[in-house]
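All remarks here apply to the structure that follows.
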Amino acid sequence: MALDLTIAIPVRNEEQNLPKCLKAIGSDLARHVVVIDSGSTDRTAEIARFYGAEVVDFVWDGKFPKKRNWYLRNYTPATKWVMFLDADEILTEAFKTELREKLEGNSDCLGYWLRYTVYFLGKQNKGGYFLHKLALFQVGAGEYERIDEDQWSRLDMEIHEHPVIEGKVGMIRSKIDHQDIRGINYYVTKHNEYSSWEAARFLKLKNDSKATGRWSWKQRLKYGLMRTPWLGPAYFLGSFVLMGGFRDGTRGFAFSILKLAYFTQIYLKIRELESAGSAEIKPVEKSHLV
């Protein structure tokens, strides 16, 4: 029987990734599958309906809430659980088996951290980066942290905001496959936008004791290095050495170099914002990101 679960997939122009994502979910895993679409101009909505998913249209006004919180507030799922899944994330059989065990069991958890494989240049990485997100939780147990943007980015979905859950949180250890097939050009464009958002977010929140008090030790370490040029090199060493990126050879080295570039961009954009006395970086034109 289907789990008492809604799977929500935020999208924009995802006709390449979405079919594989929806096929992997299947027809008997969740009571409800919904695709939250930001005005796609390709076949995304058509594909979603073909696989039996509901399509909800989202238009961002540049303020809080963004896409996931907007959905939770305006289309509150009627199921006990909600799981947010990206279109390039593929549910494995091992994950679905463990998901059933957790949600049908007697656990007292209000949410679960999910773990993901990482693919780069068409192959699964053996090391280099450990991706995990708190993307599964009980409806009403919390929502994604609030960051008021006032249009200082064009990213209409929560990027590195985490859900704030007041209660016990567990982990599903079986991994979801993260397989974005849109290539390096998309990867670089995406991280250019993300780095602008990270820089502006850091300057907005650095003196907010309530927000910083919720940071994990990893976030504290990351944000402690934000104003230094060592942020990029630290992430390179962490990716290539500590997290085993060297096991992927030249692919792993290139992946770690891109991590260095991304975090160096954040440092430089913080410096640029501070010099300008502003928390506004001009966003990349015509964002194609969800």
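The values are calculated or read from the model by the stated rules, or taken from the named source; none is laboratory data. Here the structure is a predicted model, which means the values were calculated and not measured. Positions of Cβ are generated from backbone atoms using ideal geometry, with glycine treated the same way; all protein chains shown enter the neighbour counts.
If you check TYR129, TYR119 for being touching a residue at least 60 places away in the same chain (Cβ under 8 Å) and within 27 Å of ARG201 (Cα to Cα), only one passes: TYR129.
Being modelled with pLDDT of 90 or more, under 27 Å from THR189 (Cβ atoms) and assigned by TED's automatic domain parsing to the domain that holds PHE64 holds for only one residue in LEU99, LEU134, and it is LEU134. Here PHE202 fulfils each of the conditions (1) surrounded by 14 or more Cβ atoms within 10 Å (Cβ to Cβ); (2) at pLDDT 90 or above apart from (2).
For every residue, the table says whether it meets (1) in contact with a strand residue (DSSP E or B) (Cβ under 9 Å, 6 or more places away or on another chain); (2) surrounded by 13 or more Cβ atoms within 10 Å (Cβ to Cβ); (3) part of a loop (DSSP other than H, G, I, E, B); (4) at pLDDT below 90.
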position	(1), (2), (3), (4)
ILE147	no, yes, yes, yes
MET157	yes, yes, yes, yes
VAL164	yes, yes, no, no
ILE172	yes, yes, no, no
LYS175	yes, yes, no, no
TYR186	no, yes, no, yes
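In a residue-by-residue description of region 21-43, the property of being touching a residue at least 12 places away in the same chain (Cβ under 8 Å), surrounded by 18 or more Cβ atoms within 10 Å (Cβ to Cβ), polar (S, T, N, Q) and part of a loop (DSSP other than H, G, I, E, B) applies to at least one position. Taking (1) over 15 Å from the mean Cα position of the chain (by Cα); (2) assigned by TED's automatic domain parsing to the domain that holds LYS96 in turn, HIS162 satisfies each apart from (1). Can you work out which of the residues in region 89-145 that are assigned to a strand (DSSP E or B) and of a type in the set (D, E, K, R) is farthest from the chain's Cα centre (by Cα)? This residue is LYS123. Filtering ALA141, ALA78 for residues that are surrounded by fewer than 16 Cβ atoms within 10 Å (Cβ to Cβ) and of a type in the set (A, V, I, L, M, F, W, C) leaves a single hit, ALA78. Restricting LYS80, LYS102, LYS96 to those that are touching a Phe, Trp or Tyr at 6+ places or on another chain (Cβ under 7 Å) and in contact (Cβ under 8 Å) with a residue 60 or more places away in the chain reduces the list to LYS102. Quick check on this structure: which one of TRP60, TRP81 is modelled with pLDDT under 95 and either in contact with an Asp or Glu (Cβ under 7 Å, 6 or more places away or on another chain) or among the aliphatic types (A, V, I, L, M) (or both)? One residue alone meets the criteria, TRP60.
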